[in-house]
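Following: one structure in structure tokens, then a few remarks.
The values are calculated or read from the model by the stated rules, or taken from the named source; none is laboratory data. As the structure is a computational prediction, the values presented were derived from the model and not from experiment. All Cβ positions, even for glycine, are placed from backbone atoms using ideal geometry, and neighbour counts span all protein chains on display. With ligands, DNA and RNA removed, areas are computed over all heavy atoms of the protein, side chains included. Shrake-Rupley method; radii C 1.70, N 1.55, O 1.52, S 1.80 Å.
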Amino acid sequence: MLKRPVLAANWKMHLGPVAAGEFMRSFLERYKPRPDRTVIFFPPAVSLASMTAMVRAAGRTDVLFGVQNIHWAEKGAFTGETSAEMAKEAGAGIILVGHSERRHVFGETDAQCAKKCLAAARVGLPFLLCVGEKMAQREAGETAAVVTRQLREGVAQVPNLISAEFLIAYEPVWAIGTGLTATPVDASAIHTLLRSELGAMIGTRAAEIPILYGGSVGPGNAATLLAANEIDGLLVGGSSLDVTTWIKIAES
Ligand code: 13P
């Protein structure tokens, strides 16, 4: 089970192998292992293998790496895609599924997210399923319906969900990269709703599933968000790209 809080950096399409290596060298020097939290990086897939090799060489087991996306098939004629098996071989220990940019820029559906969560489970890796409403959905009062549908449909195909290892991230689409953040109270309310949905699916095990918040998190609001009820960690985009800023957040 992952230690909480879980501090996760989603680099999106930033930091190729050279820049990622420089970041990691500096990070490993300045961030000392802490037993009271989990730190995860989701670099671009092309940067993954060199980063995991660097961390292994440094003897650091406290940092976990993941991929930002996978295809659900094991292999095949799917140009440009990466399978869960390949991600695992390159050192991924976790798979991000259904990030809002995958859903809203690339048109990923709940059904596809479900196949990706299943693929992660097939190779024995935990998945981090992202859910979140768009601004128009929020204004129409649809937030609860949207996030519960994304959660239910996303995990629908995972066998033995009750014993599967997974995490959820609540990332309101309107808060991503905009400087707007859900208030800790608003975020807590959605996290509580997601926990209760999980409870209906997997009973008391729901308490063990980390639910992360993401959307314009930075060093100025990380600690307040982490202190809020039911927020077990953070998924950070822009503010994870600078090593000094990211260390401040990872030490929140
Ligand atoms: P920002 O932190 O840049 O708003 O991005 C959030 C996000 O999408 C993390 O997955």
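Worth pointing out:
- Residue in region 206-228 that is within 15 Å of the ligand (Cβ to nearest atom) and of a type in the set (Phe, Trp, Tyr) present: yes
- Selected residue (only one of Ala45, Ala111, Ala53 is among the aliphatic types (A, V, I, L, M) and in contact with an Asp or Glu (Cβ under 8 Å, 6 or more places away or on another chain)): Ala111
- Where helices (runs of 4 or more DSSP H) fall wholly inside region 1-107, the ranges with 2 or more residues that are on the phi < 0 side of the Ramachandran plot and touching a Gly at 6+ places or on another chain (Cβ under 9 Å) are 45-57, 84-89, 100-104.
- If the condition is being outside any loop (DSSP other than H, G, I, E, B) and among the polar types (S, T, N, Q), then region 163-197 contributes Ser163, Ser188, Thr192, Ser196.
- Qualifying positions in region 198-215 - in a strand (DSSP E or B) and of a type outside the set (A, V, I, L, M): Tyr213, Gly214
Here's the yes/no breakdown for (1) more than 17 Å from the chain's Cα centre (by Cα); (2) at pLDDT below 95; (3) surrounded by 15 or more Cβ atoms within 10 Å (Cβ to Cβ):
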position	(1), (2), (3)
Lys32	yes, no, no
Ile40	no, no, yes
Ala53	yes, yes, no
Leu128	no, no, yes
Ala136	yes, no, no
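- Residue check for Ser252: surrounded by 15 or more Cβ atoms within 10 Å (Cβ to Cβ), assigned to a loop (DSSP other than H, G, I, E, B) and either within 16 Å of the ligand (Cβ to nearest atom) or polar (S, T, N, Q) (or both): yes
- Ala119 more than 16 Å from the ligand (Cβ to nearest atom), open to solvent by less than 10 Å² (accessible area, probe 1.4 Å) and touching a strand residue (DSSP E or B) at 6+ places or on another chain (Cβ under 6 Å): no
- Residues in region 87-98 that are farther than 11 Å from Gly124 by Cα, under 19 Å from the mean Cα position of the chain (by Cα) and open to solvent by 10 Å² or more (accessible area, probe 1.4 Å): Ala90, Gly91.
Yes or no, residue by residue, for (1) within 16 Å of the ligand (Cβ to nearest atom); (2) open to solvent by 70 Å² or more (accessible area, probe 1.4 Å); (3) not hydrophobic (A, V, I, L, M, F, W, C):
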residue	(1), (2), (3)
Val131	yes, no, no
Val147	yes, no, no
Gln150	yes, no, yes
Ala164	no, no, no
Ala169	yes, no, no
Trp174	yes, no, no
Leu180	yes, yes, no
Ala187	yes, no, no
Arg195	no, no, yes
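- Selected residue [on the phi < 0 side of the Ramachandran plot, at pLDDT 95 or above, open to solvent by 30 Å² or more (accessible area, probe 1.4 Å) and within 16 Å of the ligand (Cβ to nearest atom)] from Asp232, Asp242: Asp242
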